[in-house]
Amino acid sequence: MEQLQLLEAVERYLQNEMNPEERAHFEQLRKTNPEVDQLVVEHTLFLGQLNKFGEVKNFKASLHDIHNNLVSSGSIKEQPSRAVVKQIWKRYKRVMAVAASIAGITAMLIAGMINSRKANTAELEQLSRDYVRTKRTVDQLKKQVEVNSTEKVQKAPQNVEIKSGGTGFLIDGKGFLVTNAHVVAGSTSVIVQNNKGQEFRATTVHLNKATDIAILKIEDNDFKPLGTLPYGIRKNGADLGETLFTLGFPREIIVYNEGYMSAKTGFHGDTMTCQIGVSANPGNSGGPVFNKNGEIIGIINTRQVAAEGVVFAITSKNIFNLLDEVSKTDTTLQKIKLPSSSSIKGMDRVQQIKKIEDCVYMVRSY
Amino acid sequence: MKTDVNETALLEGLAHNDRSAIETIYAQQYSMVQTLIINNNGTAEDARDIFQEAMIVLYEKARSGSFELNCQLKTYVYSVCRRLWLKKLQQMQKYIPNANGLEETVSVDEDMDVHDQRNSDFLMMEKALSGIGEPCKSLLEAFYLQKRNMTEIAGNFGYTNADNAKNQKYKCLMRLKKLFFSEYKNHV
């Protein structure tokens, strides 16, 4: 307790908040007691360090801001990486031909092995919400919502049972969302809902069951396109032990969770996915996984039934690969520009979530 | 070569945290750095990180007051980025001996040493701050970094009055100091 008061006195002394009498008294104390003097010196140094820290932190934040502004105003352009591949190709053509044929044979062998392993998928549970089971509670909630806000526009088709539900997130401010393929597979119509409860009609523009990624487009006049998205999508994955967080809709409201990167591969060494230590529930499927800088590193898709807390996420690289592949043939998808840099780096978590939550949607398929 | 009047004004603006000055420097110098990094085994993301770190070096130097630039701003930024990038490449073990256009220009050894020291101070403070947990972290940040006053903070954090908040702040500060100095004394 005494130490607290002394610290307060030192701080007031350094901030010049003492009256002359007090000040004289304190200076006397400082002369006679070397410990007090030491504390003053130490605290001056510490406040200096803290100040510098604050300055640099603010400066970093404004640099990020400026970078994003300049990129969106077109004053600077982000160049793609140089193609060193071509030179290497010329040099190693023959070696590569041999390697490719070996790879081809190996691939065929592995494909055979995977096919024989398909039966194991019962061990994995897809995290889309089973609506039949929870239908009753949803109905109750719906009634409440209707009472609360009569002006809310219901866009869901009437008298049709919801097949499954999950989470999705924007990858382009124009209204393109990514979610899991198993969330929207076999649906006749898809409704997405933001965390304010507004519903929008959406269509599935691409469905890839192999990677379990679906791309949706919001096609609704009520939807107002967003400018640049607050987060970026990472091309290379996360490192082991990195802290991660997720946002999703396992309930009727948005739910936050955090955890860490557990393993670089997924179920049975699957390299398209990774294992994360985050608790996830039905409804989290298709939800984004962020690292501490607010960059998306994956999409939640399954959890292992037999083990507790083993959740798998599709690595974000697959989004890039999928878009590269399909934009060759599909012109609507050519318009998508994936956000590469995150403007919320360095902010504290609460602020980050405030910026992100508007871009995460509940997905329901009918 | 002497720095021209224009660049001196820009650096002064930078030292005073003038946004338009920072923006001007950013827009002028970024493309050059990006080309440098991308021609040397890097990506646009690497370029952004390296350039922003160089901007911090420049900012710290401008703020220190004793700033004399005896070459063009462009040359200085280039030299700093070159050093930072070579260091990063070495860390990633991707060192290329005959780097494209990476020849030495002006010597920035001294500045880099100062920057490394400052950077490690920054990281230590960041680590100490993340070690004290919430609500301590936010409370101290609100007071010391965002310079908000105690009454306002008391309201935002749900303390009954400013004195209560102040008491809590000093408790947090003690913990932060303890964490910070335990690291700091190991390094100095």
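The values are calculated or read from the model by the stated rules, or taken from the named source; none is laboratory data. What you are looking at is a predicted structure, and each value in this text was computed from that prediction instead of being measured. Neighbour counts are summed over all protein chains in view; Cβ atoms, including those assigned to glycine, are modelled from backbone coordinates with ideal geometry.
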- Message: So, A:Val184, is that one surrounded by 22 or more Cβ atoms within 10 Å (Cβ to Cβ) and modelled with pLDDT under 90 or not?
- Response: yes
- In this structure, is B:Arg118 modelled with pLDDT of 80 or more, closer than 30 Å to B:Asn41 by Cα, in the same structural domain as B:Asp49 (by TED's automatic domain parsing) and assigned to a helix (DSSP H, G or I)? no
- Could you check, for the range B:154-161, whether at least one of its residues is surrounded by 12 or more Cβ atoms within 10 Å (Cβ to Cβ), in a helix (DSSP H, G or I), out of contact with any Asp or Glu (no Cβ under 8 Å at 6 or more places or on another chain) and among the aliphatic types (A, V, I, L, M)? yes
- Task: Only helices (runs of 4 or more DSSP H) wholly contained in the range A:1-114 count here; list those with 3 or more residues that are at pLDDT 85 or above and closer than 27 Å to B:Glu183 by Cβ.
- Result: A:34-73
- Query: Yes or no: A:Asp172 buried (at least 18 other Cβ atoms within 10 Å of the Cβ), closer than 19 Å to A:Ser285 by Cβ and charged (D, E, K, R)?
  - Reply: no
- Note on the structure: Those residues of the range A:297-340 which are among the polar types (S, T, N, Q), over 19 Å from A:Val363 (Cβ atoms) and surrounded by 15 or more Cβ atoms within 10 Å (Cβ to Cβ) amount to A:Gln304, A:Thr315, A:Asn321, A:Ser327, A:Ser340
- Message: Any residue that is modelled with pLDDT under 90, assigned to a strand (DSSP E or B) and either within 21 Å of the chain's Cα centre (by Cα) or in the same structural domain as A:Leu322 (by TED's automatic domain parsing) (or both) - is there at least one of those in the range A:153-166?
- Response: yes
- Task: Collect the residues in the range B:163-188 that are among the aliphatic types (A, V, I, L, M) and modelled with pLDDT of 75 or more, keeping them in residue-number order.
- Result: B:Ala165, B:Leu173, B:Met174, B:Leu176, B:Leu179
- Only residues in the range A:278-289 that are closer than 16 Å to A:Gly266 by Cα count as the first member; pair them with residues that are charged (D, E, K, R) and outside any loop (DSSP other than H, G, I, E, B), Cβ under 6 angstrom, at least 6 apart or cross-chain, and list the lot. A:Ala280/A:Arg303
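Conditions (1) within 14 Å of another protein chain (Cβ to nearest Cβ); (2) not in a loop (DSSP other than H, G, I, E, B), marked per residue:
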| position | (1), (2) |
| --- | --- |
| A:Ser285 | no, no |
| A:Ile336 | no, no |
| A:Ile344 | no, no |
| A:Val350 | yes, yes |
| A:Ile356 | no, yes |
| A:Val363 | no, yes |
- Item | Members of the range A:229-280 found to be on the phi > 0 side of the Ramachandran plot and at pLDDT below 85, listed by number | A:His268, A:Gly269
- Can you tell me which of A:Glu42, A:Glu22 is without any contact (Cβ under 8 Å) to a residue 24 or more places away in the chain and either closer than 18 Å to B:Lys171 by Cα or touching a Gly at 6+ places or on another chain (Cβ under 6 Å) (or both)? A:Glu42
- In the range B:59-74, residues that are more than 10 Å from chain A (Cβ to nearest Cβ) and either under 13 Å from A:Gln79 (Cα atoms) or assigned to a helix (DSSP H, G or I) (or both) total 4
- Would you be able to say whether some residue in the range A:240-260 is under 14 Å from A:Lys317 (Cα atoms), loosely packed, with under 15 Cβ neighbours inside 10 Å and touching a residue at least 24 places away in the same chain (Cβ under 8 Å)? no
- Message: For the range B:163-182, check the following and say yes or no: at least one residue is in a loop (DSSP other than H, G, I, E, B) and either free of Cβ contacts under 8 Å to residues at least 40 places away in the same chain or farther than 19 Å from A:Gln5 by Cβ (or both).
- Response: no
- Message: Could you go through the range B:152-164 and let me know if any residue there is at negative phi and facing chain A (nearest Cβ under 9 Å).
- Response: no
- Answer residue from the range B:31-45, given it is assigned to a helix (DSSP H, G or I) and surrounded by 20 or more Cβ atoms within 10 Å (Cβ to Cβ) and is nearest to the other protein chains (Cβ to nearest Cβ) among those: B:Gln34
- Task: Spot the failing condition for A:Ile314; the list is (1) in a loop (DSSP other than H, G, I, E, B); (2) farther than 25 Å from A:Val350 by Cα; (3) in contact with a strand residue (DSSP E or B) (Cβ under 9 Å, 6 or more places away or on another chain), and only one is missed.
- Result: (1)
- Does B:Ile50 satisfy being within 18 Å of the chain's Cα centre (by Cα), among the aliphatic types (A, V, I, L, M) and within 11 Å of another protein chain (Cβ to nearest Cβ)? no
